[in-house]
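Enquirer: Pasting in a structure now, in C-alpha cells, and then I'll have a few things to ask.
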Amino acid sequence: MIEVKAVEKKFGRKKILKGVSFTANKGEITCLIGINGVGKTTILNAIMALTPINKGQILIDGKRLDKTTFEKITFIPDVITMLPQMTIAEAMEFMNDFYTCWNQERATELLEFFRLNLSDRIASLSKGNTAKVNLLLGLALDVDYVLMDEPFSGIDMFSREEIANVFTSHLIENRGVIITTHEVGDIEHLIDKVVLLDDGIVTKEFSAEEARENEGKSVIDVMREVYKR
Amino acid sequence: MKNYLKLVNFEFNRIAILFSALLGITFVAQIVGVIVQSRSYLSMANEKIYDEMMSKAQFLEIFGQMSFLQIARSVWFMGPIAFCIAGVGFYIFLIWYRDWIGKNTFIYRLLMLPTTRLNIFYSKITNILIMTFGLVAFQLIIIPIEMLVMKVMVPNEFRRDMGVNEIVSSMPELGIIIPTSIVELILYYGAGMLVVSILFTAILMERSYRWKGIFAGLIYSAVAAVVLISPVFLHEFVLNGFFYPIELLILEIVMGLIVLALSVWLSGFLLKNKITV
C-alpha cells in the first residue's frame with residue numbers, strides 16, 4: 001500500500017499541498033483528480049522522491065522510499081525519461097541494464113501491442129508514440145506499483161484508446177496504480193478509487209464502485225457535486 | 001559498484017562526440033601549427049640566406065635553431081589546449097544541466113534508478129576525470145608525431161631536437177597539465193577534482209533550491225576557498241612563516257580532504273533529500 005500522510009509542500013511562499021492524505025492499494029486503480037496546478041504531479045513526484053516535501057510522510061508498503069524501492073514502484077511521467085537521441089531498442093537496453101525487475105518478454109509484448117519500432121529514435125516520435133514508449137518502459141518492469149501522470153494528455157483519440165486498453169489487460173492486473181488525468185471519461189469504468197483534490201487538500205476520497213452501486217453516481221457526477229459547490 | 005561502472009560507461013558514451021571533437025580539433029590545430037611554424041622559420045631562413053646572402057652559420061648564430069618550443073609556445077599549440085580546458089570547464093556544468101533543460105528530462109530516469117543517487121555524482125565526476133586524462137594522454141601521444149612532422153620539414157642543421165620532458169620542464173604552464181612527477185600529478189589533479197566537487201555541490205544546491213541555491217552555492221564555494229587557503233594565510237600573515245613547507249603541504253592536503261568529504265556528503269544529501277526534477 002502507498003500511504004501519503006499529511007503531506008505539505010511549498011513552492012516559494014505558495015503552499016501547493018496543505019496536508020494531503022490518502023492511500024492507494026495494490027490491485028486497485030486510484031485516480032487523482034483536480035484542476036491544473038492543484039498539485040497532482042507534485043504528489044507523484046514526492047512519492048518518487050523527485051521533489052522534497054516540507055511536512056508529512058510517504059510510505060510504500062510501510063517503509064520510506066530508498067534505492068531498492070525503485071524495483072518495486074515505477075513512475076511514468078508526462079515527459080520522456082530517456083535521452084531523445086536514443087532508439088527505442090537502446091532505451092530498452094538501458095532499462096534492462098539497470099533494473100533487475102525488467103521483463104524483456106513483457107517489453108516485447110508491449111512493443112507489439114503499441115506497434116512501435118525498435119529502431120525509431122525517441123526524438124522522432126509523435127507525442128502519442130512518445131507516451132507509448134514511456135508506458136512501455138514503465139510497464140515492462142515487474143513492479144507492484146505504477147504511477148502515471150496524465151497518460152492521455154495531448155494524445156489523439158486512437159492512441160488514447162490504445163493506452164486505455166492497457167488498463168483492462170493483464171499488464172496492469174494485480175498492480176497498484178495511481179493515475180492523474182483530466183480525461184476521466186477514458187478510464188472512468190476502470191477506476192477503483194478516486195481522490196479529489198482542491199486547494200491543496202483532499203476534498204473527497206471514495207470508491208468509484210460504491211458511488212455507482214449505492215448512489216447511482218458516476219465519477220463525473222461526484223466531481224460535479226464537489227467542484228461546483 | 002556495478003551500477004556505478006554502468007553509469008560511468010553510459011555517461012562516457014554521451015560525451016564521446018564532444019570528446020572526439022576536442023581531440024580532433026587539438027590534433028588538426030597543432031599539426032597545422034607545426035607546419036605553419038616550420039614553414040615560417042624556413043622561409044625566414046631562405047630569405048636571409050638566399051636573398052640577403054647571410055651564411056648558414058651567421059643565420060644560426062643570430063636566429064638560432066628551431067626547436068619544438070617555438071611551436072609549443074605558439075597559439076597553434078596552446079590555443080587548442082586552452083580550448084580543451086574551456087571545453088572541460090563548460091562540460092562540468094553541462095554534464096548536470098543537460099539532464100534537466102529543454103526536452104531532456106533524463107534526470108527523472110537517473111533519480112529513479114535502483115542505485116544510490118550518489119553514484120550519479122561519482123559517475124559524472126569520474127567522466128570529467130576520464131575526459132581530462134584522456135585529453136592529456138592524447139596530447140602526450142601527439143607531441144612525438146608533431147616532432148616527427150617538424151623533423152621531416154626542418155633540416156637537421158636548422159633544428160634542435162628535444163624530448164617531451166625537456167619541453168614540459170621548459171614551459172611551466174604545460175607542466176601543470178602534464179606533471180613530471182607522480183606527487184605533482186596527484187596534487188594537481190587532486191586539486192582539480194576538489195574544485196570540480198565544489199562546483200558539483202554548488203550546482204546541486206542550485207538544482208535543489210533554485211535562486212536561493214545560487215547564493216548558497218556561491219557561499220559554499222567561497223567558504224571552501226577560505227578553508228583551503230587558511231593554512232597559507234595563517235602561515236604568511238599570522239604565524240610569520242611558522243610551518244615547514246612539508247607541514248604546510250600536509251595541512252593543505254588535510255584541508256582539501258575535509259572539503260572533498262564535505263562536498264561529497266552534501267551532494268549525497270541534496271541528491272537524496274532535496275533535489276527537484
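Read-outs throughout are calculated quantities, based only on the coordinates presented, and are distinct from any laboratory measurement. Small disclaimer: the values here were computed from a predicted structure and weren't measured. Virtual Cβ from ideal backbone geometry, glycine too; neighbours counted across all protein chains shown.
Enquirer: Please go through segment A:60-115 and pick out each residue that is of a type in the set (Phe, Trp, Tyr), at the interface with chain B (Cβ under 9 Å from one of its Cβ atoms) and touching a strand residue (DSSP E or B) at 6+ places or on another chain (Cβ under 8 Å).
Expert: A:PHE75, A:TYR99
Enquirer: If you don't mind, there's one more thing I want to ask. Kindly provide the set of residues from segment A:160-210 that are polar (S, T, N, Q), under 20 Å from A:THR42 (Cβ atoms) and touching a residue at least 40 places away in the same chain (Cβ under 8 Å), ordered by number.
Expert: Residues satisfying the conditions are A:THR180, A:THR181.
Enquirer: Given the conditions (1) closer than 27 Å to A:LYS9 by Cα; (2) surrounded by 13 or more Cβ atoms within 10 Å (Cβ to Cβ); (3) out of contact with any Lys or Arg (no Cβ under 8 Å at 6 or more places or on another chain), which single one is not true for A:LEU136?
Expert: That leaves (1) as the condition not met.
Enquirer: Of the residues in segment A:26-37, how many are in contact with an Asp or Glu (Cβ under 9 Å, 6 or more places away or on another chain) and over 21 Å from A:ASP192 (Cβ atoms)?
Expert: Adding up the residues that qualify gives 1.
Enquirer: Which members of segment B:14-34 meet the condition of being loosely packed, with under 12 Cβ neighbours inside 10 Å and within 14 Å of chain A (Cβ to nearest Cβ)?
Expert: Correct list: B:ALA16, B:ILE17.
Enquirer: Looking at segment B:233-277 only, could you name the residues that are of a type outside the set (Lys, Arg), within 14 Å of chain A (Cβ to nearest Cβ), in contact with a Pro (Cβ under 8 Å, 6 or more places away or on another chain) and assigned to a helix (DSSP H, G or I)?
Expert: Within segment B:233-277, B:ASN273 is the sole residue that qualifies.
Enquirer: Those residues that are closer than 27 Å to A:ALA24 by Cα and assigned to a helix (DSSP H, G or I), I need them from segment A:74-101; list them, please.
Expert: Answer for segment A:74-101, where residues must be closer than 27 Å to A:ALA24 by Cα and assigned to a helix (DSSP H, G or I): A:MET95, A:PHE98.
Enquirer: Give segment A:91-112 a look and list any residue that's more than 12 Å from A:GLU71 (Cα to Cα) and buried (at least 17 other Cβ atoms within 10 Å of the Cβ), or say none.
Expert: Result: A:ALA91, A:MET92, A:PHE94, A:ARG106, A:ALA107, A:GLU109, A:LEU110, A:LEU111.
Enquirer: Follow-up. Given B:ILE128, B:ILE143, B:ILE95, B:ILE120, which one is of a type in the set (A, V, I, L, M, F, W, C), within 14 Å of another protein chain (Cβ to nearest Cβ) and under 18 Å from the mean Cα position of the chain (by Cα)?
Expert: Every option except B:ILE95 fails the conditions.
Enquirer: Right, another one. Among the residues in segment B:235-245, are any surrounded by 13 or more Cβ atoms within 10 Å (Cβ to Cβ), touching a Phe, Trp or Tyr at 6+ places or on another chain (Cβ under 9 Å) and in contact (Cβ under 8 Å) with a residue 12 or more places away in the chain?
Expert: Taking every residue of segment B:235-245 in turn, at least one turns out to be surrounded by 13 or more Cβ atoms within 10 Å (Cβ to Cβ), touching a Phe, Trp or Tyr at 6+ places or on another chain (Cβ under 9 Å) and in contact (Cβ under 8 Å) with a residue 12 or more places away in the chain.
Enquirer: Same structure again: Output yes when any residue across segment B:37-48 is within 14 Å of chain A (Cβ to nearest Cβ), part of a helix (DSSP H, G or I) and not basic (Lys, Arg), and no when none is.
Expert: no
Enquirer: Are there any pairs with C-beta distances below 8 angstrom linking a residue in segment A:53-74 that is under 25 Å from A:ILE16 (Cα atoms) and in contact (Cβ under 8 Å) with a residue 12 or more places away in the chain to a residue that is part of a strand (DSSP E or B) and hydroxyl-bearing (Ser, Thr, Tyr), with the two at least 6 apart or on different chains, and if so which?
Expert: A:GLY56/A:SER21; A:ILE60/A:TYR145; A:ILE73/A:TYR145; A:THR74/A:TYR145
Enquirer: Taking segment A:17-40, which residues are surrounded by fewer than 20 Cβ atoms within 10 Å (Cβ to Cβ) and either among the hydroxyl-bearing types (Ser, Thr, Tyr) or within 14 Å of chain B (Cβ to nearest Cβ) (or both)?
Expert: Once the filter is applied, which keeps residues that are surrounded by fewer than 20 Cβ atoms within 10 Å (Cβ to Cβ) and either among the hydroxyl-bearing types (Ser, Thr, Tyr) or within 14 Å of chain B (Cβ to nearest Cβ) (or both), segment A:17-40 yields A:SER21, A:THR23.
Enquirer: Further, regarding this structure: With respect to the numbered conditions (1) touching a residue at least 12 places away in the same chain (Cβ under 8 Å); (2) away from chain A (no Cβ under 14 Å), which one is the sole condition not fulfilled by B:PHE90?
Expert: Status for B:PHE90: all satisfied but (1).
Enquirer: Has segment A:102-124 got any residue that is assigned to a loop (DSSP other than H, G, I, E, B), at positive phi and not acidic (Asp, Glu)?
Expert: Yes: segment A:102-124 contains one or more residues that are assigned to a loop (DSSP other than H, G, I, E, B), at positive phi and not acidic (Asp, Glu).
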